[in-house]
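Working notes for the structure below.
The values are calculated or read from the model by the stated rules, or taken from the named source; none is laboratory data. The structure displayed is predicted, hence computed values, not measured ones. Here the Cβ positions follow ideal geometry from the backbone for every residue, glycine too, while neighbour counts run over all protein chains shown.
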DNA sequence: GTATCTGCAAATTCTTTGCAGTCAT
DNA sequence: ATGACTGCAAAGAATTTGCAGATAC
C-alpha cells in the first residue's frame, strides 16, 4: 500500500519505467478489498483509461508481483486474482457467492514448523480456506 | 486411497457408473506422489488405454472430486493438479523445478482459529508453501 | 534519442461442450 | 433397454506474444 511517490521510486530502482497505467493499476488494487481479477481491474479503469488493454494489465501485474508490490492468488477459479495487501494473511472464499475475504492472522509459526520438517527454504506461502459466508448462510436458512 | 471395490461401491452409491477408465484414473492418482495434472495422467495411461481422451480425464476428475475421492490443487501454474491423498495435509512447491511435495502436518487448529475469527463455516482448506527444494539448493550452490 | 511500454490482434494453452456411437446396469 | 459414458473434434476462455506506434527518461 505505498503512495505513488514510493511506487515510482521502486519501479525506477528495479529498472522499469513509470507509466500512468502502472500507477493506476496498482492504485485500483490498493483501494479495494475484493481481490479483483484482470477483467475486474480492466472494467474499473475503463472510464478513466478507455484505450487500456487487458494485455497491459497482465504485463503490469507481472511486474508488480516481481517487485514485491502485490500477490497473485489462485483460489481455484479459472482466473487469477490480485492483492496489494502484502502483510502476512490468509484468504477465505465463499463456495456459494465466490467472495474472497482476508483473514488477518499470522501463520509464521506454521512456516517455521514446515521449514523444520521439510528440506525446503520457504520463501512465501498462500493459505486458502473455503466455506460459506455469513450472508449466504442466512440466505440458505431463509429458503429451507 | 480406496481399493477398486470400495471405489466401485462409492461411485454406484452416488449415481455414477463404474468404468475401467474411471478406476484407472483413480489408481494412477493413488500410486503417485507427484500430484499430476491432466496431461500427466493421460501420458501415464496412454500405453494401457491408447484411445482414452483428455476430455474423459477432465470429466472423471470432476466426478472424483465431487464424491470426495480426490482434491484439486492450484499451485499457480497454468494447469490444475490432482491428489488422491485426502488426509489433512499441505503442499510445498519448488520455485526452481516445479516439484510438489506433501507436508504431512495437521492444521486443524488453524481452522478452528479462523472459524472463530471469521463468520464463515469452513468446509476445507488448501495450504501452499513455496520455496527451493533440497536438490535445487544443492545445484545452485555448485554453480556459484 | 533510444530503449521500453502500450494497445491491438493473433496465437497459445488448458479446459469444456456437443454429439454419435458404445457400454454399464 | 436405456440412460450414462467415452472419445473425437470443435468451441470457449484466460493469458501470452509479436509488432508498430507512442512515451518515459
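Restricting attention to region A:1-22, the residues that are loosely packed, with under 15 Cβ neighbours inside 10 Å, within 11 Å of DNA strand C (Cβ to nearest atom) and under 20 Å from residue A:85 (Cβ atoms) add up to 0. Would you say residue B:92 is in contact with a strand residue (DSSP E or B) (Cβ under 9 Å, 6 or more places away or on another chain), without any contact (Cβ under 8 Å) to a residue 12 or more places away in the chain and within 11 Å of chain A (Cβ to nearest Cβ)? For residue B:92, the condition - in contact with a strand residue (DSSP E or B) (Cβ under 9 Å, 6 or more places away or on another chain), without any contact (Cβ under 8 Å) to a residue 12 or more places away in the chain and within 11 Å of chain A (Cβ to nearest Cβ) - is not met. Within region A:130-144, residues that are over 25 Å from residue B:73 (Cβ atoms) have Cβ atoms under 7 Å from residues that are at pLDDT 90 or above and part of a strand (DSSP E or B) in these pairs: A:137/B:121, counting only partners at least 6 apart in sequence or on another chain.
One residue stands out among those in region A:52-68 that are surrounded by fewer than 17 Cβ atoms within 10 Å (Cβ to Cβ) and within 15 Å of residue A:2 (Cα to Cα): the one that is nearest to DNA strand D (Cβ to nearest atom), which is A:65.
A single entry from A:97, A:93 fulfils the requirement of being more than 12 Å from DNA strand D (Cβ to nearest atom), over 11 Å from the mean Cα position of the chain (by Cα), loosely packed, with under 15 Cβ neighbours inside 10 Å and assigned by TED's automatic domain parsing to the domain that holds residue A:133: A:97. Of the conditions (1) within 13 Å of DNA strand C (Cβ to nearest atom); (2) more than 14 Å from every other protein chain (Cβ to nearest Cβ), residue A:32 clears all except one; give me its number. All conditions pass for residue A:32, except number (1). Only a single item in (1) away from DNA strand D (no atom under 11 Å from the Cβ); (2) assigned to a helix (DSSP H, G or I); (3) within 26 Å of residue A:88 (Cβ to Cβ) is not met by residue A:9, and it is number (1).
Checked against the criterion of being surrounded by 15 or more Cβ atoms within 10 Å (Cβ to Cβ), under 18 Å from residue B:76 (Cβ atoms) and either within 16 Å of DNA strand C (Cβ to nearest atom) or not assigned by TED's automatic domain parsing to the domain that holds residue A:1 (or both), region A:39-51 has no qualifying residue. Residues being surrounded by fewer than 18 Cβ atoms within 10 Å (Cβ to Cβ), out of contact with any strand residue (DSSP E or B) (no Cβ under 6 Å at 6 or more places or on another chain) and either at pLDDT below 90 or closer than 21 Å to residue B:106 by Cβ (or both): count how many of those fall in region A:106-144. Counting residues in region A:106-144 that are surrounded by fewer than 18 Cβ atoms within 10 Å (Cβ to Cβ), out of contact with any strand residue (DSSP E or B) (no Cβ under 6 Å at 6 or more places or on another chain) and either at pLDDT below 90 or closer than 21 Å to residue B:106 by Cβ (or both) gives 14. Note on region A:16-28: residues that are in contact with a helix residue (DSSP H, G or I) (Cβ under 8 Å, 6 or more places away or on another chain) and either part of a loop (DSSP other than H, G, I, E, B) or closer than 21 Å to residue A:74 by Cβ (or both) amount to 6. Total residues in region A:121-144 satisfying the condition of being more than 10 Å from every other protein chain (Cβ to nearest Cβ) and not in a helix (DSSP H, G or I): the figure is 1. Within region B:69-78, can one find any residue that is more than 14 Å from chain A (Cβ to nearest Cβ) and either crowded, with 19+ Cβ neighbours inside 10 Å or more than 11 Å from DNA strand C (Cβ to nearest atom) (or both)? Yes, there is a match, as at least one residue in region B:69-78 is more than 14 Å from chain A (Cβ to nearest Cβ) and either crowded, with 19+ Cβ neighbours inside 10 Å or more than 11 Å from DNA strand C (Cβ to nearest atom) (or both).
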